[in-house]
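Engineer: Below is the structure I would like to discuss, written out as structure tokens.
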Amino acid sequence: METSDNTKRVGVGARLDRLPSSNLQRLFISQLGIGVWFDLFILFTGGPLALPIAKTLNVSKATATFYVAAFPFIGAFLGSIIYGILGDRYGRRITFLTSLLGFGVFSIISAFSTNIYELGILRFVSYLSVGGEIAIVDTYVSEFITRKGRGNWLSWMYTLAWTSSPVGALLVYLFAPVNYVLPGWRWVLLISGIGGIAAWLYRFRLYESPRWLESHGKIKEADETMDKIEERVMKMNKLTTLPPAEYVPYTTKEDKMPLSDLFKGEYKARTVMIWILQFLQGGMSFIIGTLAPLVLVAAGFTIIHSLLFTVVIDTGYVLGSLAASFVLDRYDRKAEIIVFALLLGLDGFAFSLIHIVGLILFFGTAYTFLDNFFNNSWHIYQAEIYPTRARTTGTGAAFSLSRIGTFIFLSTFVVLLDAYGAVPVFSINFMFGIIIAAVVFILGPKTTGKVLELISK
């Protein structure tokens, strides 16, 4: 590993951390957020879509939920690992462009599935394509945005992205009972695929991460990219100079870091912590979005009413992410994860006990609100705890466990819900929150406001 000589050159990290807020950051956040929008859209429409798909393809609700909402997460699990490794090896930009294109193409094809098995396979490939989206985007935000604004800017991006949840639920509600040439659920899949390709085109002007270029010895490209970024920021803000850069250590030729090295040295405790968190939150974060329609139907509400209630509940995702964008960098990231993991578990348990419409909507919306404080905290946290040479490998491997956790827990929860009702399911969910809080408290480092290169050396 070659270390910088700071007397000759100012590193990328120092140049990025001195940038003032500008429309360039807002543009980048919108370009990244629109891709994540469709990633979340396909994930959160799985549960609501399962009900009309079961009717059209003449299968049980449990079978439809498995093939439409649960089984595809195995593809997302593999995609997160594959694209995480590719992101560190070949760059951030090419990997998130490739993943989004694959998602768009296979989502369109899936709209014309003739049976539940064909649909399940195509959804699997769509999830595989988009599986690395979040890990790569979280990495890109952590590497591009200044150390004092990483959490807030990422929350703004996810606020944009999380509008996909209520929009998706609303589309399913509007299209599910109708048939315009095609059954309504097929139109929802078509819309997601076409939108994914449009988002892919919108992203083309994104730069490669200057930190990645620098860490791979591509100094000329890194400096040229930074020159362009600084020039655009100065022009947008009508500045003639930028603040002096503070010292930030950097490397110009980092050693490759294989997956096994995530369990060595200072990274061992971090990896154990984030893997446990991701595996368990894979059940916690999707439990309301996927199971709420089934819980409501089991409580005696019609399918249409349950879908309408889901639209209301899903607005909490947007509101929670919006609130987080104002406060995420004000408090310790580690403490935020602990507090919101516990609150999520408690609120979910309360949701399972209620049968009054007003309280169902209150606790359901409160859950999604709290969930996005929790999600936005760990999204930036998991990218901060690894070095540039292994950032997408580390985040991709960790996030893959959330995908496989979602597959395992949703498959299990659907069976438990059908056999025993909502209380046992959300009791397990509460236990997950307690375990996450304990593990992060014991093993998690503090990262808020720190220079990336100093968090992981």
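Every number here is computed from the coordinates shown, using simple stated rules; none is lab data. Bear in mind the structure is a predicted one, so any value in this text is a computation, not a measurement. Using ideal geometry, Cβ is built from the backbone for each residue, glycine included, and neighbour counts are taken over all protein chains shown.
Engineer: Taking the mean number of other Cβ atoms within 10 Å as a proxy for protection, how do you rank 350-363, 61-74 from highest to lowest?
Structural biologist: 61-74, 350-363
Engineer: If you stretched the chain out fully between Lys446 and Ile194, how much longer would it get, using 0.36 nm times the residue separation minus the C-alpha to C-alpha distance?
Structural biologist: Length gained, Lys446 through Ile194: 86.6 nm.
Engineer: With axes computed from alpha carbons, what is the tilt in degrees of helix 23-44 against the longest principal axis of the chain, rounded to the nearest 10 within 0 to 90?
Structural biologist: Rounded to the nearest ten degrees, it is 30.
Engineer: Can you tell me the length gained on complete extension of the stretch Met431 to Lys268, counting 0.36 nm per residue apart and subtracting the Cα distance?
Structural biologist: Between Met431 and Lys268, full extension yields an extra 56.3 nm.
Engineer: Grab the beta carbon distance between Leu353 and Met236, set R0 = 45 Å, and tell me the FRET efficiency rounded to 0.05.
Structural biologist: After rounding, the FRET efficiency stands at 0.30.
Engineer: Estimate the FRET efficiency between Leu454 and Leu361 by the formula 1/(1 + (r/R0)^6), using the beta-carbon distance for r and 56 Å for R0, to the nearest 0.05.
Structural biologist: Working from the Cβ atoms, E equals 0.80.
Engineer: Anything over 28 Å Cα to Cα? Flag those among Lys264/Lys334; Lys218/Lys334; Lys235/Lys446; Lys148/Lys235; Lys61/Lys334, in the order listed.
Structural biologist: On the way: Lys264/Lys334 22 Å; Lys218/Lys334 34 Å; Lys235/Lys446 35 Å; Lys148/Lys235 22 Å; Lys61/Lys334 39 Å.
From Lys264/Lys334; Lys218/Lys334; Lys235/Lys446; Lys148/Lys235; Lys61/Lys334, over 28 Å: Lys218/Lys334; Lys235/Lys446; Lys61/Lys334.
Engineer: A further question follows. Report, in deg cm²/dmol and to the nearest 500, the calculated mean residue ellipticity at 222 nm for the chain, where each DSSP H run with n ≥ 4 adds -39500 (n - 2.57) and the sum is divided by the residue count.
Structural biologist: Roughly -24500 deg cm²/dmol at 222 nm, from the helical runs in the chain.
Engineer: May I ask you to derive the FRET efficiency for Val423 and Tyr180 from their Cβ-Cβ distance with R0 = 60 Å, giving the value to the nearest 0.05? Provide the component values of the computation, followed by the final result.
Structural biologist: Values: r = 40 Å, r/R0 = 0.67.
Approximately 0.90, to the nearest 0.05.
Engineer: Along segment 186-196, what does the Karplus equation 6.51 cos²θ - 1.76 cosθ + 1.60 (θ = phi - 60°) give for ³J(HN,Hα), rounded to whole Hz, x for Gly and Pro?
Structural biologist: Rounded to whole hertz, the list is 5, 5, 4, 5, 4, 4, 5, x, 5, x, x.
Engineer: Relative to the longest principal Cα axis of the chain, at what angle does helix 219-237 sit, 0 to 90 degrees, rounded to 10?
Structural biologist: Between helix and principal axis, roughly 80 degrees.
Engineer: Placing unit charges on C-beta atoms (Lys and Arg positive, Asp and Glu negative, everything else neutral), compute the dipole magnitude of segment 2-446 about its Cα centre in debye, rounded to 20.
Structural biologist: Values: 36 positive and 30 negative charges, 105 e Å.
Here segment 2-446 has a charge dipole of around 500 debye.
Engineer: Tell me which of Gly348, Gly316, Gly131 sits at the most positive position along the dipole axis of segment 2-446, charges placed on C-beta atoms (Lys, Arg +1; Asp, Glu -1).
Structural biologist: Comparing the listed Cα positions along the dipole, Gly131 ranks first.
Engineer: Once you place label points 7 Å from the Cα toward the Cβ at Lys220 and Arg26, how far apart are they in nm?
Structural biologist: Rounded to a tenth, the inter-label distance reads 3.6 nm.
Engineer: Moving to a separate point now. Return one number: the angle in degrees, 0 to 90 and rounded to the nearest 10, between the long axis of the Cα atoms of helix 267-284 and the longest principal axis of the Cα atoms of the chain.
Structural biologist: 30
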